[in-house]
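Below is one structure, written out as structure tokens; the observations come after it.
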Amino acid sequence: MKYKLFLTLLLLCLMAAVPLLQLGSLDSASPLPALPSGSSSTPRPHIAGSAPSSSGGSSRAESGAGSAPPSLPDAPEIRTEETALPVSTAAAMSEWVLLYDRAAGQVIRLSQREYVLGAVCSEMPPSFHPEALKAQAVAAHSYLLRCREQEKAHPNPALNGAYLEIDTAARKGYVSEAAVREMYGENFGIYYPEIQKAVAEVEDQILVYQEEPIVAAYHAISAGRTEAAEKVWTGSASYLTPVESPGDRLAPDYETDAVFSKEEVEKRLLAATGETALPEDPARWFQNLTRSESGYITEARFGETALSGQELRTLFHLRSSSLQITYREGSFTFTATGYGHGVGMSQYGADYMARQGASYREILAHYYTGATLCRLEG
């Protein structure tokens, strides 16, 4: 037990040294492709997910476990058979992919192998466990091919024929080897070969549901339980349903505070809702909150107007819509747990599961309920 506790503390120290900004979490990416189950409505665009800034309000990040229990929670018990994977007809590995680079204002052409490697380097810290890196590779690859299918059926003119948007200047969505060298610095020779090795084992694998690549949404840190897709976007999918993710409570900055003056909160709320006045007592401003079973705010009502949890989150530049809001002595404190929209795979949750002995297959089976792992043709 003491040995396990020592390893856990060592892991937390290593994770704390990894900047959260390296986590992509699809939170600032292009809008999700349409969710396939029972809804023809296209989901709302992602709300940008940046850490609370000092602009308009102060912030305080509490590093470490936050409100985590004193003992390490057990990883979910999931066992998948290590059998040969079925072959998907969704795409072949030999097919090229097209990405629209916002920074350059042009479409770039890559092999799927190049894309998956660059996506993992962009979206997940290099110190994460190899099995978590593999899970991230499969998720990113599945997401790309899902976007490709949607763009073929309903092209978005803004993408100029590409499948999805990246930003090489901001290093979002994909990064080249040259950019990775800058990112990793003197550790490039340590991290990059390990990521290459992990990605090479799964670069031809994707997740499918009803023979189509899935909308493999992911985020940095859940609030301890992931969120249902329909609580965030207008569509739903049976493989994007809430699951427990206890390891997230051990992630650095699992809980963060952002403090705003009463005047600033009032100004932003009135501008966003169009209401002319709020209750005289500021402590009553956030009384009408609706939450999902996972604890995320789904609706905040102000008079005749309602904001979704994601709209409230972006209004105050918060890390999550899993919020506790308190008022004291002329200031509001927004305490957020987790980082990102909370749908699909938690990246820190995946790393936690991997360090508890779970394989990438088990991680994917846990976060994408009912999806099937398949191999692409050559």
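Which ones in segment 177-212 are of a type outside the set (A, V, I, L, M) and either touching a Gly at 6+ places or on another chain (Cβ under 7 Å) or not in a helix (DSSP H, G or I) (or both)? Matches in segment 177-212: Glu201, Glu203, Asp204, Gln205, Tyr209, Gln210, Glu211, Glu212. With respect to the stated conditions, Pro242 fails to be surrounded by fewer than 24 Cβ atoms within 10 Å (Cβ to Cβ) and closer than 30 Å to Glu329 by Cβ. Here Ala251 passes the criteria (1) crowded, with 20+ Cβ neighbours inside 10 Å; (2) under 25 Å from Tyr115 (Cβ atoms) except the one numbered (2).
Tell me yes or no: at least one residue of segment 261-278 is open to solvent by 20 Å² or more (accessible area, probe 1.4 Å), in a strand (DSSP E or B) and under 19 Å from Ala228 (Cα atoms). No, segment 261-278 contains no residue that is open to solvent by 20 Å² or more (accessible area, probe 1.4 Å), in a strand (DSSP E or B) and under 19 Å from Ala228 (Cα atoms). Under 6 Å between Cβ atoms, at least 6 apart or on separate chains: pull out the pairs that start in segment 237-251 with a residue that is free of Cβ contacts under 8 Å to residues at least 60 places away in the same chain and end on any residue that is open to solvent by less than 20 Å² (accessible area, probe 1.4 Å). Matching pairs, first to second residue: Pro242/Thr226; Pro242/Ala228; Pro242/Ser294. Taking every residue in segment 197-222 that is within 25 Å of Pro242 (Cα to Cα) and pairing it with any residue that is open to solvent by 10 Å² or more (accessible area, probe 1.4 Å) and among the charged types (D, E, K, R), at least 6 positions away or on another chain, the pairs with Cβ-Cβ distances below 6 Å are Gln205/Arg375; Pro213/Arg146; Val215/Arg146. Of the residues in segment 298-317, not one is open to solvent by 10 Å² or more (accessible area, probe 1.4 Å), over 27 Å from Lys262 (Cα atoms) and not in a loop (DSSP other than H, G, I, E, B).
Answer yes or no: is there a residue in segment 219-230 that is modelled with pLDDT of 95 or more, of a type in the set (D, E, K, R) and in contact with a helix residue (DSSP H, G or I) (Cβ under 7 Å, 6 or more places away or on another chain). No, segment 219-230 contains no residue that is modelled with pLDDT of 95 or more, of a type in the set (D, E, K, R) and in contact with a helix residue (DSSP H, G or I) (Cβ under 7 Å, 6 or more places away or on another chain).
Regarding Thr369, is this residue farther than 29 Å from Ala137 by Cα and hydroxyl-bearing (Ser, Thr, Tyr)? Considered against the rule, which asks whether it is farther than 29 Å from Ala137 by Cα and hydroxyl-bearing (Ser, Thr, Tyr), Thr369 comes out as no. Among the residues of segment 320-370, those that are surrounded by fewer than 24 Cβ atoms within 10 Å (Cβ to Cβ) and closer than 24 Å to Leu145 by Cα comprise Ser359, Arg361, Glu362, Ala365, Thr369, Gly370.
I need a count of the residues in segment 96-116 that are in a loop (DSSP other than H, G, I, E, B) and free of Cβ contacts under 8 Å to residues at least 24 places away in the same chain.
Going residue by residue through segment 96-116, those that are in a loop (DSSP other than H, G, I, E, B) are 102-105.
Remaining after also requiring free of Cβ contacts under 8 Å to residues at least 24 places away in the same chain: 105.
Qualifying residue count for the region: 1.
Can Tyr192 be described as surrounded by 22 or more Cβ atoms within 10 Å (Cβ to Cβ), under 29 Å from Arg148 (Cβ atoms) and hydroxyl-bearing (Ser, Thr, Tyr)?
Working: surrounded by 22 or more Cβ atoms within 10 Å (Cβ to Cβ): no; under 29 Å from Arg148 (Cβ atoms): yes; hydroxyl-bearing (Ser, Thr, Tyr): yes.
No; evaluated as a whole, the condition is false for this residue.
Listed conditions (1) modelled with pLDDT of 95 or more; (2) open to solvent by less than 70 Å² (accessible area, probe 1.4 Å); (3) on the phi < 0 side of the Ramachandran plot are all met by Arg102, apart from (2). For segment 168-185, the criterion of being under 26 Å from Ala371 (Cα atoms), in contact with a helix residue (DSSP H, G or I) (Cβ under 8 Å, 6 or more places away or on another chain) and surrounded by fewer than 17 Cβ atoms within 10 Å (Cβ to Cβ) is met by no residue.
Any residue at all in segment 318-341 that's in contact with a His (Cβ under 6 Å, 6 or more places away or on another chain) and either over 28 Å from His141 (Cα atoms) or outside any strand (DSSP E or B) (or both)?
yes
The values are calculated or read from the model by the stated rules, or taken from the named source; none is laboratory data. These numbers were taken from a predicted model, which means no experiment stands behind them. A quick note on method: Cβ atoms are made from the backbone with ideal geometry, for glycine too, and the neighbour counts reach across all protein chains shown. Quick note on the areas: whole protein, heavy atoms, side chains included, nothing else; ligands and nucleic acids left out. Shrake-Rupley method; radii C 1.70, N 1.55, O 1.52, S 1.80 Å.
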